[in-house]
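Working notes for the structure below.
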Amino acid sequence: MSDIFQLKESEQRFRALFENNPDLVLFQDRESVIIDANPAYLDVLEKSREEVVGRSFSEFLPPHLRGLFAQKLREAFEGHKVNFDVEVQFEGTNRAFVFAVTKVPLVVEGVITGVHAVMRDMTETHASHQVIREQAHKLSTIFESITDAFFLLDSQWRYTFVNSDVERLLGMKREDLLGRTMQEVFPEEQHGVFQERFQHAFQTKQAVHFQAYFERMKLWLEVKAFPSLEGLSVYFSDVTDKVRSQEELYRQNQDLQQFTYIVSHNLRAPLANALGLVDLLGSIDKHSPDYDEALHNLKASTLQLDTVLRDMNTILSIRDKQDVNEPERVPLVDVVQQARLNLEEALAQCHAEVILNIPPDLHVLGNRAYLYSIFFNLFSNSVKYRSEKRPLQITVTATGRPSQGVRVLFADNGSGFDTDKAGPDIFRLYKRFHTAQAGRGMGLYLVKTHVETMGGKIDVSSTVDQGTQFILNLR
Amino acid sequence: MDTLLIDDDSIGVFLTERLLKREGFDGNITSFSSAQDALEHLQAAEPNSLPQLIFLDLNMPVMDGWEFLDALKPQETQLLGRCHVYILTSSLAHSDACRIREFPLVAGLIHKPLDAAQIHAVRAQVEAAASLR
């Protein structure tokens, strides 16, 4: 009695599940004939139970899916539980669904008597997955197309996304970054600015914005990093050119300040003397020897003032011409010879030996007058600061390197100077390093200005009492 | 009042010396065109033969006025109160005026040219300091 009752109850429970199931549930036989279908299924088909039961499930399927369902049904009748996803628009309906289909064989006393097919409507889930995929794709397209390099680090500092600019700027392939930590990929940055700033962003959950030098690629990078739940989003761009031009601007500004300072000082020195001498002259006897000396000094001071103004004029006119003059191909050996000949007398007086190792066909791209002035100043400096202990010897060696310009080594065996102490000051205007010899500290300033105006570079090394070497890199 | 002039510019030295004499300086006036030589002179001097007054130029080759003052630092305590250094420069830079505060030996900064009023002020200051000793 109670067995029958229990059976009835379980039958009722099954019916309730079957009837009220939001999933589409069918019971089919081996030939795909529908033995039972639940209301959810009937709703989708827009048919009554009578129109469905007893007919083959295939009839309701679009022709291209009939084979698939028949195959899956066979598998279920072989005793397997079958799962698959499929998009279906049933015949005679006007809506397509994405179903997750499960076919479960019903086994009665060892024999499969039929198959339950449960079709879960996944249309919306499928659509939202599609949206997510599309957005991910769109996002990746955006990350690829932004002009910044962009990468994502997870909380373990592993790269989880990199765009192509990252590959370019960091000089790394995508596959060598993804999944690896920043520390593994760039061990040399372990204590660097990047590591420190990112750490700061991770810890404080605050965005960071900084500029730093990336040694491996020799680039200045401007970096913005935004911490998020997943890790760190990092955008960066190459600002090397910007930084270099800022440095250049800073240097030029420094030069200009230095120039102003020097000019004011060097203009004021003879002027102050002249003022004082005028004061003195007004109070001393015209017939005293002091009077003549004061007058003589006044004349010297005004001449000095004039010299400084002329120097200014020379310097400013070089600076003005900087962008105007077209460079010409100047035969180097000619200009060096010309400068040497104009100092022939001075060189002969100190028994100087001049050795020129300059290939006759070597040309320099620049301005003849500047090149002449450079070598004239270098020769006359060698004469002026020669050592009294030995006859002066000057060697000028030039080598041309394809596409790298011309390198000139101008070396003497003179009294030299302390490079550590003088350093870059050696080229400064009105900066002097000797008291014994006359000079106003104009020559090397002009040399440097001329070299730089022609797009070149000059360096110096010197050893006290051994000699001085100038290295010129010209175009 | 013994006075030391340190200036590489011979016209500057001539002028300062004549102006001091004109304003009645009767002590010895010694001049050095090199700060290095002046330094050696001071380092070798007996305490009682030190000059009371030093006029120091700033812009000089090899060793400039600031380097001279730096080199004098070790003797600062012995010199303080005995030697009064006045910077005598043609430079009008503000940075120089600020920098003298680093050197207690420096009693003042005068822009060239030196004039009668400045000379009298310097003498008054040095004499006042001497009378306090």
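The values are calculated or read from the model by the stated rules, or taken from the named source; none is laboratory data. Because the structure is predicted, anything quoted here is derived from the model rather than measured. Cβ: placed from backbone, ideal geometry, glycine included. Neighbour counts: every protein chain shown. We work out accessible area using only protein heavy atoms, side chains counted, and drop any ligands, DNA or RNA first. Shrake-Rupley method; radii C 1.70, N 1.55, O 1.52, S 1.80 Å.
A few comments on the model shown:
- When the residues A:Tyr370, A:Tyr291 are ordered by accessible surface, computed with a 1.4 Å probe over the protein chains alone, the sequence from largest down reads A:Tyr291, A:Tyr370.
- Between the residues A:Gln337, A:Val278, A:Asn313, the greatest Cα displacement towards the positive end of the dipole of the protein assembly as shown, with unit charges on the Cβ of Lys, Arg, Asp and Glu, is found for A:Gln337.
- Alpha-carbon Debye profile of region A:243-321, log10 I(q)/I(0) at 0.11, 0.18 Å⁻¹: -0.45, -0.79
- Across chain A, the mean sequence separation of Cα contacts (distance under 8 Å, 6 or more residues apart), normalised by length, yields a relative contact order of 7 percent.
- For A:Arg180, distant residues with modelled amide H under 5 Å away: A:Tyr159
- Helix-derived mean residue ellipticity, 222 nm - over chain A, DSSP H n ≥ 4, -39500 (n - 2.57), to 500: -15000 deg cm²/dmol
- About the centre of its Cα atoms, the protein assembly as shown shows a dipole size close to 640 debye [charges on the beta carbon of Lys, Arg (+1) and Asp, Glu (-1) only; nearest 20 debye].
- Calculated SAXS-style log₁₀ I(q)/I(0) at q = 0.11, 0.20 Å⁻¹ - chain B, Debye, Cα scatterers: -0.34, -1.29
- Taking every alpha-carbon pair within the protein assembly as shown, the share separated by more than 39 Å comes to 63 percent.
- All aspartates and glutamates inside 17 Å of A:Lys72 as judged from Cα atoms, apart from same-chain residues fewer than 8 positions distant: A:Asp29, A:Glu31, A:Glu59, A:Asp85, A:Glu87
- Summary value for chain B: 25 percent relative contact order, contacts being C-alpha pairs under 8 angstrom separated by 6+ residues.
- 23 Å Cα-Cα threshold exceeded, pairs from A:Lys173/A:Lys218; B:Lys73/B:Lys112; A:Lys431/B:Lys73; A:Lys205/A:Lys242; A:Lys384/A:Lys448; A:Lys389/A:Lys431: B:Lys73/B:Lys112; A:Lys431/B:Lys73; A:Lys205/A:Lys242; A:Lys389/A:Lys431
- Environment charge at A:Tyr159 (Cβ cut-off 13 Å; Lys +1, Arg +1, Asp -1, Glu -1): -2
- Loop-resident sites, region A:217-275, for trypsin sites (Lys or Arg not before Pro), counting at most 13 other Cβ within 10 Å (DSSP): A:Lys218
- Overall form of region A:231-368 per C-alpha gyration tensor (a/c, 1.5; a/b vs b/c): oblate
- In straight-distance terms, cross-link reach from A:Lys8 covers every one of the lysines whose alpha-carbon lies under 24 Å from its own, apart from those fewer than eight places away in the same chain; here that gives an empty set.
- Global geometry of region A:170-230, whether rounded, prolate or oblate, following the gyration tensor of its Cα atoms and the 1.5 cut on a/c: oblate
- Where only C-alpha atoms are counted, convex hull volume of region A:300-382 per residue in Å³: 102 Å³
- Charged-residue dipole, Cβ positions (Lys, Arg, Asp, Glu), region B:4-133 about Cα centre, Debye nearest 20: 460 debye
- Global geometry of region B:1-65, whether rounded, prolate or oblate, following the gyration tensor of its Cα atoms and the 1.5 cut on a/c: oblate
- Amide H contacts of A:Ser415: A:Arg386, A:Ser387, each under 5 Å away and 5 or more positions distant or on a separate chain (H built 1.01 Å from N in the peptide plane; Pro and chain starts excluded).
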